[in-house]
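**Student:** Structure provided below as structure tokens; questions to follow.
The values are calculated or read from the model by the stated rules, or taken from the named source; none is laboratory data. Keep in mind that this is a model prediction, so the values were computed, not measured. With ideal geometry, Cβ positions are generated from the backbone for all residues, glycine too; neighbour counts draw on all protein chains shown.
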């Protein structure tokens, strides 16, 4: 029992280390791009709504609030059964697919809208940046939420099977 609790703490620490590494990568990327770049350029409210809110609404319809809450709190729980872990694994697999699908659709719609107005050259750069920020948000969500949770869930499943 003590070994399982130690493993829980170890996995939680590793999760936060992966979050810190993601922040370091973002800051390093900022330095590589130059000091004229600011993360304020990445803030776009409609893109945030598209990438964060819409997939969660879709997942809420498919999985229900109870399963979503259970999936996000799975690494904090000490005693989880295999069924709960498999439900969480299925949720994050579907969440990743939904996130990438909605991002792809929104990016293509933004790109097509930009291609319609090719006459105005001054708007091409900012419009392409706004279309591309969707992909940045999706990558960050994938690196910070989906991949670490999948790793934690897979490790817990392997511990139960041993």
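**Student:** Looking only at helices (runs of 4 or more DSSP H) that lie completely in the stretch 1-80, which have at least 3 residues being farther than 22 Å from residue 157 by Cβ and at pLDDT below 80? Write out each step before concluding.
**Tutor:** Details: elements: 2-33, 45-48, 54-63, 65-72.
Fully inside the stretch 1-80 and qualifying: 2-33.
**Student:** Let me ask another. If residue 149 satisfies all but one of (1) assigned to a helix (DSSP H, G or I); (2) farther than 22 Å from residue 23 by Cβ; (3) touching a residue at least 24 places away in the same chain (Cβ under 8 Å); (4) touching a helix residue (DSSP H, G or I) at 6+ places or on another chain (Cβ under 6 Å), what's the number of the condition it fails?
**Tutor:** The number of the failed condition is (2).
**Student:** Further, regarding this structure: Check whether at least one residue in the stretch 129-141 is free of Cβ contacts under 8 Å to residues at least 12 places away in the same chain and more than 30 Å from residue 79 (Cα to Cα), and report yes or no.
**Tutor:** Looking for residues that are free of Cβ contacts under 8 Å to residues at least 12 places away in the same chain and more than 30 Å from residue 79 (Cα to Cα), one finds at least one in the stretch 129-141, hence yes.
**Student:** Sort out which residues of the stretch 58-79 are within 28 Å of residue 110 (Cβ to Cβ) and loosely packed, with under 11 Cβ neighbours inside 10 Å, and write them in order of number.
**Tutor:** Result: 61, single match.
**Student:** As an exercise: evaluate residue 124 against (1) within 30 Å of residue 157 (Cβ to Cβ); (2) without any contact (Cβ under 8 Å) to a residue 24 or more places away in the chain and give the number of the one condition it does not meet.
**Tutor:** Here residue 124 clears every test but (1).
**Student:** Same structure again: Can you tell me which of 82, 89 is touching a helix residue (DSSP H, G or I) at 6+ places or on another chain (Cβ under 6 Å), under 30 Å from residue 105 (Cα atoms) and either surrounded by fewer than 19 Cβ atoms within 10 Å (Cβ to Cβ) or touching a residue at least 60 places away in the same chain (Cβ under 8 Å) (or both)?
**Tutor:** After ruling out the rest, the residue left standing is 89.
**Student:** One residue is enough: does the stretch 103-119 have a residue meeting the conditions under 21 Å from residue 62 (Cβ atoms), at pLDDT 85 or above and out of contact with any helix residue (DSSP H, G or I) (no Cβ under 6 Å at 6 or more places or on another chain)? Before you say what the answer is, go through the steps one by one.
**Tutor:** Step one: filter the stretch 103-119 for residues under 21 Å from residue 62 (Cβ atoms), giving 103-106.
Filter again for at pLDDT 85 or above, leaving 103-106.
Next, from what is left, pick out any that are out of contact with any helix residue (DSSP H, G or I) (no Cβ under 6 Å at 6 or more places or on another chain): 104-105.
Checked the stretch 103-119: at least one residue is under 21 Å from residue 62 (Cβ atoms), at pLDDT 85 or above and out of contact with any helix residue (DSSP H, G or I) (no Cβ under 6 Å at 6 or more places or on another chain).
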